[in-house]
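Report on one structure; see the data block that follows.
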């Protein structure tokens, strides 16, 4: 596919890598997935999304996550002269990543997650939000247009729309998601939809490979063909 590329060799990247995409994941033809990238089971990558593992790497997108329209996943260079730059990676289970997106994460339209960054399981990153040099816990909500930079957000918190969170003190005092929080079930619903989208589009894509499109010629009776 023309929108899925191997990375190039550079001072910050001394090995070529091709995206590792699960057979059940779907990447729209108008999205770009480049370099050292992992896409898990039933991941949905929507039109105009950019997942670039050609500078900071690897980029990991876990099972049942969704990368919606115009989302950008990118990272600062993680290697110099073949050596790991510890300041620009996140560590998960003893492995290092430029960006790590856990299972069942929703990255909504036009948001950016720029590494070093990690997003915990079942978290929703809202439209046009920005996450940079940060770790977001599990079961969190980052509301639209919020900025989260240089901090760690505990599990089960939400960042109000438009908020700027750049100190750990501010991150630690973010409100907890309680039963009255209006967006508490949003991510579950978004994942439910996008898993079905990934499955449906992937099935359609596979069918188009196995079964040629119907042509006018193929519809003609034998007596009508030249």
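Observations on the structure shown:
- Of all DSSP beta bridges in the chain, antiparallel share, percent nearest 5: 15
- Exposure proxy ranking, count of Cβ atoms within 10 Å, fewest first, for 145, 204: 204, 145
- Estimated from helical segments only, the mean residue ellipticity of the chain at 222 nm is -4500 deg cm²/dmol, where each DSSP H run of four or more residues counts as -39500 (n - 2.57).
- 0 to 90° range, to nearest 10: angle between helix 186-210 axis and the chain longest Cα axis: 30
- Considering only beta bridges that DSSP places wholly inside region 1-124, some 15 percent are antiparallel.
- Region 1-155, relative contact order [Cα under 8 Å, separation at least 6], %: 15
- What the Cβ-Cβ distance of residue 170 and residue 48 gives, at R0 = 25 Å and to the nearest 0.05, is a FRET efficiency of 0.20.
- Cβ crowding within 10 Å averaged over residues, with 174-185, 115-126, 97-108, 14-25 ranked highest first: 97-108, 115-126, 14-25, 174-185
- Extension gain (nm, one decimal) between residue 91 and residue 186, 0.36 nm per residue minus Cα-Cα: 31.4 nm
- Segment residue 201-residue 10, extension gain: residue separation times 0.36 nm, minus the distance between their alpha carbons: 65.3 nm
- Percent of Cα pairs exceeding the 28 Å cut-off, where the set is the chain: 33
- Residues residue 69 and residue 22, FRET efficiency given R0 of 25 Å [Cβ-Cβ distance, rounded to 0.05]: 0.75
- Under the simplified labelling scheme, the residue 2-residue 138 pair shows an inter-label distance of 4.2 nm, with each label point 7 Å from Cα along Cα→Cβ.
Read-outs throughout are calculated quantities, based only on the coordinates presented, and are distinct from any laboratory measurement. Everything numeric in this text was worked out from a predicted model, so none of it was measured. FYI the Cβ positions are ideal-geometry reconstructions off the backbone, even for glycines, and counts take in every protein chain you see.
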